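In what follows, a single structure is set out as structure tokens and then discussed.
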Amino acid sequence: METKDLLIIGGGSAGMAAAVGAYDRGVKDILILEKGPFLGGILNQCIHNGFGLTEFKEELTGPEFAQRFITQVRDRKIPYKLDTYVTSISKEKVVTYMNGVDGVVEVQAKAIIMAAGCYERNAGAIGIPGDRPAGILTAGQAQLFLNEYGCLVGHRVFILGSGDIGLIMARRLTLEGAKVLGVAEICPWSNGLNRNMVQCLYDYDIPLFLSHTVTKVIGKARLEKVIIAMVDEKKNPIPGTEREFEADTLILSVGLVPNNDLLDKLGIPTSRSRGALVNEHYETSVEGIFSCGNVLHVHDLVDNVVEEAREAGEAAALYLKGQLPAHKESITIVPGNGIGYVVPGKIDLADSGDDLVFKFRVRQPSRSVFILYEFNGVIIKRIFKPVIIPSEMEIEKLPKNILNSNQGTITISLVDKET
Amino acid sequence: MADTNLICINCPRGCHLTVDEHLNVTGNFCPRGAVYGKQEVTNPTRVVTSTVRIDQAELALCPVKTAQPIPKKKIFEVMASINEVHLTAPVHIGDVVIGDAAATGVAVVVTRNMEKIS
């Protein structure tokens with residue numbers, strides 16, 4: 001069987017940055033496996049700008065950001081295979097992949113970095129009531145069709161969900177001549193960045209219906225009508241508040257989920273992010289298998305993805321040199337009240353650097369609150385937040401010496417100012 | 001001129017700004033809001049990104065952008081000129097496809113390397 005020191009699953013921003021991180025720490029026997037026909041992954045269809053402000057100190061479009069990393073991969077002559085699909089991973093780190101040239105191939109890897117990104121929740125996932133006509137698709141699908149294949153997916157479009165991709169597609173479709181009738185968001189707040197609310201909706205007078213959802217889709221061959229209604233606090237539609245839109249297309253921007261199936265099948269424990277539970281080296285419960293980028297937890301900014309993935313690549317390099325300590329008793333980190341998820345899920349003080357880094361999301365927008373860190377029930381840190389919102393991931397560093405033991409539980413929670 | 005209501009885009013706080021006829025900004029939590037409010041009322045600008053047709057490349061479309069922000073009221077004129085562009089591969093990031101888009105003085109440039117296919 002063919003062998004590789006490091007196999008990287010996914011050739012998007014995370015996979016390329018992980019490869020560069022590992023290579024620069026001395027790993028030369030690397031192979032990147034990419035499902036699509038190009039390196040760069042989803043960045044290729046994100047033709048809008050706003051990428052790279054942290055990583056490159058300038059504002060780039062998605063394809064420009066991707067090209068910076070493609071160049072880094074090619075400069076290092078790191079091998080990659082395109083149009084290549086990984087079908088399984090074993091605990092012994094045998095990876096099975098297939099493509100049209102090599103057929104089905106098994107490779108024995110010494111280390112694996114999972115960098116397979118995330119997928120979109122679709123119509124089936126949210127169970128929209130009504131007919132099942134053509135013309136209902138996810139925002140990412142509409143983006144791929146429009147920006148890479150040149151197909152305008154519809155002429156009268158309604159959008160469900162106020163995630164950033166949905167907002168960006170509202171602008172894109174408008175610029176290409178479609179009429180975007182409105183955006184419905186089931187939450188009482190928008191899930192997109194203010195910048196996108198202003199520059200994608202308000203600039204083009206596209207109405208936003210907060211606390212609304214689609215209650216029915218009607219159409220025979222093609223979508224004809226979308227019915228929306230206001231929802232109560234429990235997100236149940238309120239009868240009598242329905243509005244009807246004559247739309248030929250419904251675009252869904254209703255959430256992203258880590259594409260973690262390959263690791264799920266191994267029985268690797270997951271966190272509340274729905275990605276693998278990892279330690280501070282992005283290592284899963286199986287030593288030598290790492291996870292980073294959107295397959296670990298869904299990020300808002302690609303700049304954060306590449307930073308995380310480079311660190312995962314560096315950790316894989318340490319592992320391959322035998323310098324990453326074996327798993328032992330360590331500290332568990334759990335999301336408490338008001339916190340959606342936290343990465344990492346485990347930390348070993350003996351192995352970590354001077355700072356402990358926590359990445360997490362809150363469940364709902366709040367003002368004038370504290371993020372509370374408790375260690376074995378004792379408050380070790382309180383951080384004031386004037387504003388905190390679910391659509392922006394928090395990244396916080398704490399000095400390692402704040403902890404007095406290498407065993408127990410850190411709970412991160414959100415508390416009101418008064419308490 | 002009546003008061004203009006805006007949402008500040010500088011940070012997640014999203015202050016609701018009011019700009020009066022003398023360009024006084026209220027509702028801002030920090031000075032960045034005042035700068036943004038004045039700019040949005042006097043000369044709002046945006047970077048426009050889109051695609052143009054391309055022949056002999058692996059895809060039928062090539063992404064492009066305005067090299068600098070252009071006046072917001074010119075967005076649709078710039079889009080009309082972008083829609084007339086038809087490229088032939090190879091093209092590379094930064095290649096100018098329109099020198100002066102809709103008399104804005106701003107160029108439109110390629111944002112993706114696309115090689116010629118054999």
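Odds and ends about this structure:
- Database remark: amide H of A:Asp300 closer than 5 angstrom to the amide H of A:Met393 (H placed geometrically; neighbours at sequence offset of 5 or more, or on other chains; Pro and chain starts carry no H).
- Residue order for A:His281, A:His297, fewest other beta carbons within 10 angstrom first, comes to A:His281, A:His297.
- Max mean-square fluctuation residue, GNM over chain A, Cα-Cα springs under 10 Å, options A:Gly11, A:Gly340, A:Gly103: A:Gly103
- The long axis of helix A:302-320 is offset from the longest Cα principal axis of chain A by roughly 20 degrees.
- The fewest-to-most ranking of A:Ile388, A:Ile112 by surrounding Cβ atoms within 10 Å reads A:Ile388, A:Ile112.
- Trypsin sites (Lys or Arg not before Pro) restricted to DSSP loop in the range A:313-389 with at most 14 other C-beta within 10 Å: A:Lys321, A:Lys328, A:Arg363
- Table column - 3J(HN,Hα) (Hz), the range A:148-158, Karplus curve with 6.51, -1.76, 1.60, x for Gly and Pro: 10, 9, x, 10, 7, 6, x, 10, 10, 10, 10
- Panel order for A:Leu53, A:Leu266, by other beta carbons found within 10 Å of each beta carbon, from fewest to most: A:Leu53, A:Leu266.
- Backbone amide hydrogens, once placed in the peptide plane, bring B:Ile7 within less than 5 Å of B:Leu17, excluding anything fewer than 5 places away on its chain.
- Beta bridge orientation in chain A: antiparallel %, DSSP, nearest 5: 60 percent
- Each stretch of four or more DSSP H residues adds -39500 (n - 2.57); spread over every residue of the protein assembly as shown, this sum gives -5000 deg cm²/dmol at 222 nm.
- The range A:261-331 and the range A:57-76: distance between their alpha carbon centers, rounded to Å: 23 Å
Bear in mind that the values in this text are calculations on the coordinates, not laboratory data. Since the model is a prediction, treat every value here as computed from it, not as a measurement. Every residue, glycine as well, gets a Cβ built from its backbone with ideal geometry; the counts of neighbours run over all protein chains shown.
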